[in-house]
Every structure is written in C-alpha cells, then in structure tokens.
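Working notes, structure below.
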Amino acid sequence: MVGDSGVALPPDARDHPVPAGTLLELDPRARVVADDLLAGGQPWRLLRLPAATRAALERWRAGAPVAPDEGALARVLVDRGLAHPRVTGPRPLDDVDVVVPVRGASDTLEDLLRALGGLAVTVVDDGSHDPAIGAACARHGARLVTLERHEGPSAARNAGVAATSRAIVAFVDDDVILTDPAEALGRLRAALEDPRLGAVAPRVVGPAAAGLREGYEHRHGALDQGAAPALVSPEGPVTFVPSACLLVRREALGSGFDPTMAIGEDVDLVWRVLDAGWLVRYLPSVVIAHPARPTWRAWWRQRRVYGLTSAPLAERHGDRLAPIRADRWTLAAWGGLVAGSPSLALSVLARALGQARRGPLASLAHPERVALAVVGGNVVRAGGPLARAAVRTFGIGLLAATLHPRLRRRALATLALGLAWRLRASRVRPLDVPLALLDDLAYGLGVLEGSWRHRSLAALTPRALSATPSWTEVLGLAPGDSPAP
C-alpha cells in the first residue's frame with residue numbers, strides 16, 4: 001500500500017513484534033522516575049510499567065534477550081524510541097546498491113571506489129562528462145551513469161536509484177572516508193532487519209587531523225549528531241540524518257529526493273519517510289569520516305548554506321523548522337529568568353507542578369514526587385537545549401545585546417550556556433569556543449538570509465507547544481500485550 005506522500009506504507013507494528021533473542025538497550029535519555037513509571041521516547045511519554053513489564057525491562061538492561069512472550073512489549077518500546085535493538089555484527093550486502101553522486105573526478109572518489117571494491121556500486125556523473133570518472137569506475141568495477149547536464153545531487157541520486165534494483169539503496173557521497181565498508185555498511189544493513197525501519201544512518205565526524213579547523217570538525221562537526229542512539233524525529237534530539245551516508249529501503253523512498261531542492265533535500269526526504277509511518281534510526285555505533293572544507297571561506301559558506309535550508313524546508317514542513325520549541329510552561333519559566341524575573345519563573349513552575357499533580361498524576365501513590373521529577377526535571381533540563389537553539393539561530397542578536405548594559409549579563413549567560421551545551425560531548429580546546437560561535441553565527445545569518453529571500457518568518461518564529469504536554473498519556477502494558485495501533 002502507498003501513502004499520500006507516494007512512499008509505501010510500513011508493515012503494521014502489530015504484525016511484527018520484536019523477534020525473540022533480540023538484545024535491546026534502553027535509550028540513554030529514558031529515565032525511571034518511580035517504581036512503575038518510565039519517561040522518555042519520541043514523542044516524549046510517561047509509561048506505566050506493571051511489575052511484569054518492569055521485570056522484563058530490567059532483564060533487558062542486564063543483557064538478557066527478548067523472550068518469546070515479550071516481543072509485543074519490546075515493539076512498543078522500540079517504536080517509541082525508549083529502547084533500541086543492538087546491532088551485534090554486519091550483514092551481507094548482496095541486496096544493497098551503493099549510489100555515489102559526483103560532479104567531476106577527485107582523489108576522494110578514487111579512494112572511495114577502491115574501498116567499495118566488490119560491492120554493487122553505481123556512480124552518477126552529474127553532467128561534468130569528466131573522462132577521469134569513467135576511468136576510475138573501470139578500474140574499480142563500478143557502473144557509471146552520466147546525466148546530460150548538471151541537475152544537482154538530488155537528481156543524480158534519483159538517477160542512481162532508477163538505474164538499480166536491489167531492495168536497499170546506500171547513498172554515499174564521494175568524499176566520505178570508509179576504511180572498512182563491509183563492516184560499516186554491513187552494520188547499517190543489519191539494523192534494517194527491523195521491517196519497520198525505513199532508513200538508517202551512521203555517526204558522521206570529521207577525520208582526526210592536527211589542523212585547527214580539522215580538529216574542530218572532528219570534535220564538533222555540523223553533521224555529528226552525538227554518541228547516543230536515537231529514532232530520528234523532528235520533535236526529538238536527532239531531528240534529521242544527512243545523506244552523506246544513508247541506507248534506505250527502496251520501498252520507503254517513494255519519488256526519492258526532490259530535484260527542485262538545491263539544499264536541504266536530505267532533511268526533506270527523511271521527514272517524508274517518517275510521515276509515511278516508517279522509522280528512521282540514527283546508529284552512532286557506526287562512525288564514518290567526512291572531511292572539513294579545505295579553506296576557512298568554504299567552511300563559513302557551508303555553515304551559511306546549512307542555515308539557508310531552513311526557510312525552504314519551513315515552506316514544506318511548517319513549524320518543524322521553528323528555531324525554539326517547548327511547551328508553554330517551559331518557555332514561560334525560562335522566559336521569566338531571561339527577562340530578569342526569577343519570581344515569575346518560580347510561579348510558572350509552581351503552577352505547572354500543580355496542574356500535573358491534579359491531572360494525570362493524581363492517582364499515583366506519590367504525585368508530588370513524580371510531578372517534581374517529571375515536570376520540574378524537564379523544565380530544568382530544557383535550559384541547555386533552549387540556550388543552544390537561541391545561540392544557533394539568534395547569535396547575532398545576542399551579541400548585539402551584550403552591548404547594552406542592562407541586557408549584557410543575561411545575553412552573556414545565554415551565550416555561555418548555549419555554547420557549553422554545544423561543546424559538552426567532548427573535551428574542549430580553548431579555540432573551540434570562538435569557532436563554535438562563528439559556526440553558529442554563519443548558520444544564523446543563513447537563516448536570516450533564507451527568510452528574507454522567501455519572505456517568510458517561519459524559520460525564525462518560536463513554537464509554543466500545548467501546556468498539557470504529551471506525557472499525560474499513561475499506558476499500562478504487560479509483556480504479552482499487543483502494541484497500540
């Protein structure tokens with residue numbers, strides 16, 4: 001069956017419990033907030049865990065595989081992003097077509113084709129008609145498809161899809177460094193053993209190098225989504241995965257990349273796959289290298305172009321591109337602090353806690369404790385991501401605010417918190433801080449430029465979510481229960 005987006009619909013979750021013997025790992029952002037309550041997932045939920053369910057969860061956390069009668073429960077947790085199947089080894093790649101779009105030959109293409117030797121590789125020349133591309137393909141046994149004129153990476157990838165037929169398509173950019181493709185692509189292919197998974201992507205980092213720009217890219221590259229596994233979701237911590245290296249089921253591709261989009265086409269594709277009901281997984285246990293731009297000018301331009309993607313994507317996907325998103329309680333509480341009114345922030349938090357205690361948590365044994373852990377904890381934990389979002393898009397405005405004596409301290413605090421959150425995942429070198437700020441300034445200027453070009457404020461308008469957030473859904477699931485539709 002095909003959905004409205006032209007993408008085939010995924011198999012029904014009720015027909016595909018997680019197979020017995022699967023090893024699961026609890027999402028690192030999920031938390032047990034009481035004896036029988038689990039918080040987390042995408043979208044965020046608070047799940048009630050009856051005794052048998054909690055026992056199953058503890059066995060999985062200890063390394064035990066999914067039992068035959070636990071598959072339905074495991075499916076619910078996996079589909080909600082609360083647990084992730086462990087990929088224990090690579091799978092054969094005999095059902096995978098590798099598509100490499102290129103625009104002119106390069107040393108990196110030669111190295112990539114050498115590494116991919118033995119796999120079914122199709123190189124698509126995007127209208128450059130460079131004879132060196134054909135020579136490289138001939139040396140390494142790759143198929144060559146040539147477009148008559150330059151049409152862009154989306155059209156090149158789509159041409160590669162049309163010229164191939166295997167069930168899985170692996171899109172790999174020509175400058176990606178794969179030292180062991182059978183291991184990296186094979187582990188990504190293993191993740192697609194889950195029939196509800198439409199696409200999977202690795203962690204993308206800059207190669208380790210001694211230069212200032214190269215070192216920064218290795219530690220804090222723009223495509224690096226961090227070390228924690230996740231389901232991709234516009235509402236979650238991993239909002240997209242890049243097409244630098246991306247494995248997709250052919251049936252989930254639909255019409256493929258949109259050739260009218262010069263930038264942001266990978267985000268658009270991933271979100272259309274999600275909208276059709278497929279899962280998309282970020283698998284950071286597989287790490288590939290993608291080199292930094294060769295000059296500072298090219299590096300700045302790349303970051304600015306990333307910002308330019310926001311406005312055209314917002315035209316298609318609405319407030320998913322909102323630069324700052326949180327529920328109204330969280331925005332009001334942190335807004336009070338930024339405005340210099342801690343009493344307002346505390347008042348908002350007190351009202352949010354009261355609503356939670358009187359609402360869905362009222363029937364619990366200790367609603368006050370759970371409300372403080374869930375609502376209060378979520379508001380506090382939102383500080384870093386909110387500051388990060390503000391610096392990334394509105395860094396120019398925050399820098400300007402530091403010139404005003406009444407705004408200086410709050411603007412500096414926001415900049416410091418946002419940059420600290422950006423750099424928190426690895427050891428920070430002193431020069432990483434100004435580079436991270438330049439990185440965000442380039443992106444923010446791109447967002448402003450794109451919004452001006454498209455005469456739209458969608459990519460600049462914060463989004464306040466419902467004041468009755470999604471954690472009000474509390475599920476009672478036993479290990480043998482059928483997952484929710």
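The values are calculated or read from the model by the stated rules, or taken from the named source; none is laboratory data. Just so we're clear, the structure is a prediction, and the values are computed from it rather than from any experiment. Virtual Cβ from ideal backbone geometry, glycine too; neighbours counted across all protein chains shown.
Would you mind finding the one in VAL338, VAL305, VAL286 that is touching a strand residue (DSSP E or B) at 6+ places or on another chain (Cβ under 9 Å) and either over 29 Å from ASN378 (Cα atoms) or among the β-branched types (Val, Ile, Thr) (or both)?
VAL286
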- Tell me which of these ALA362 doesn't satisfy, since it passes every other one: (1) farther than 19 Å from ARG31 by Cβ; (2) part of a helix (DSSP H, G or I). (2)
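Out of the stretch 285-307, which residues are assigned to a helix (DSSP H, G or I) and closer than 23 Å to SER106 by Cα? Talk me through it step by step, then tell me what you get.
Filtering the stretch 285-307 down to residues assigned to a helix (DSSP H, G or I) leaves 296-307.
The answer is TRP296, ARG297, ALA298, TRP299, TRP300, ARG301, GLN302, ARG303, VAL305.
Would you point out the residue of the stretch 362-391, among those that are β-branched (Val, Ile, Thr) and touching a residue at least 12 places away in the same chain (Cβ under 8 Å), that is farthest from ALA326 (Cα to Cα)?
Let us first name the residues in the stretch 362-391 that are β-branched (Val, Ile, Thr), namely 370, 374-375, 379-380, 391.
Next, from what is left, pick out any that are touching a residue at least 12 places away in the same chain (Cβ under 8 Å): 370, 374-375, 379, 391.
On the way: VAL370: 20, VAL374: 15, VAL375: 13, VAL379: 9, VAL391: 16 Å.
Result: VAL370.
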- Query: Counting just the residues of the stretch 201-220 that are surrounded by fewer than 20 Cβ atoms within 10 Å (Cβ to Cβ), in a loop (DSSP other than H, G, I, E, B) and not aliphatic (A, V, I, L, M), which one comes out farthest from the chain's Cα centre (by Cα)?
  - Reply: GLY211
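Regarding the stretch 423-436, can at least one residue be identified that is under 18 Å from GLY383 (Cα atoms) and either among the aromatic types (Phe, Trp, Tyr) or crowded, with 17+ Cβ neighbours inside 10 Å (or both)?
yes
Would you point out which residue out of PRO92, PRO43, PRO101 is assigned to a loop (DSSP other than H, G, I, E, B), at pLDDT 90 or above and of a type outside the set (A, V, I, L, M)? Break it down into steps so the answer makes sense when it comes.
Values: PRO43 fails: at pLDDT 90 or above; PRO101 fails: assigned to a loop (DSSP other than H, G, I, E, B).
Answer to the check: PRO92.
Under the condition of being touching a residue at least 60 places away in the same chain (Cβ under 8 Å) and either closer than 30 Å to GLU25 by Cβ or of a type in the set (D, E, K, R) (or both), which residue from the stretch 95-115 is surrounded by the fewest Cβ atoms within 10 Å (Cβ to Cβ)? Explain how you work it out, then say what you get.
Here is the first cut: in the stretch 95-115, the residues touching a residue at least 60 places away in the same chain (Cβ under 8 Å) are 95-102, 106, 108-109, 111-112, 115.
Now restrict to residues that are either closer than 30 Å to GLU25 by Cβ or of a type in the set (D, E, K, R) (or both): 95-98, 111, 115.
Working: ASP95: 13, VAL96: 22, ASP97: 22, VAL98: 27, ASP111: 17, ALA115: 19.
Applying the filter and picking the extreme gives ASP95.
Filter the stretch 338-354 down to residues that are farther than 30 Å from GLY450 by Cα, in contact (Cβ under 8 Å) with a residue 24 or more places away in the chain and in a helix (DSSP H, G or I), then give me how many there are.
Residues of the stretch 338-354 farther than 30 Å from GLY450 by Cα: 340-354.
Narrowing further to those that are in contact (Cβ under 8 Å) with a residue 24 or more places away in the chain: 340, 349, 352.
Among the residues that remain, those that are also in a helix (DSSP H, G or I) are: 349, 352.
The number of residues fulfilling the criteria is 2.
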- Item | Looking only at the stretch 83-94, and only at residues there that are hydrophobic (A, V, I, L, M, F, W, C) and out of contact with any Pro (no Cβ under 9 Å at 6 or more places or on another chain), the one that is surrounded by the fewest Cβ atoms within 10 Å (Cβ to Cβ) | VAL87
- Query: Can you tell me which residues in the stretch 127-163 are touching a residue at least 60 places away in the same chain (Cβ under 8 Å) and either surrounded by 19 or more Cβ atoms within 10 Å (Cβ to Cβ) or within 12 Å of LEU116 (Cα to Cα) (or both)?
  - Reply: GLY152, PRO153, SER154, ALA155, ARG157, ASN158, GLY160, VAL161
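What residue, among those in the stretch 287-337 that are closer than 19 Å to ARG453 by Cβ, out of contact with any Gly (no Cβ under 8 Å at 6 or more places or on another chain) and among the small types (Gly, Ala, Ser), is surrounded by the most Cβ atoms within 10 Å (Cβ to Cβ)?
Looking only at the stretch 287-337, we keep the residues that are closer than 19 Å to ARG453 by Cβ, and these are 300-318, 321-323.
In the following step, the residues that additionally are out of contact with any Gly (no Cβ under 8 Å at 6 or more places or on another chain) were identified as 300-302, 314-318, 321-323.
Next, from what is left, pick out any that are among the small types (Gly, Ala, Ser): 314, 318, 322.
Details: ALA314: 24, GLY318: 12, ALA322: 21.
Restricting to residues being closer than 19 Å to ARG453 by Cβ, out of contact with any Gly (no Cβ under 8 Å at 6 or more places or on another chain) and among the small types (Gly, Ala, Ser), the top hit is ALA314.
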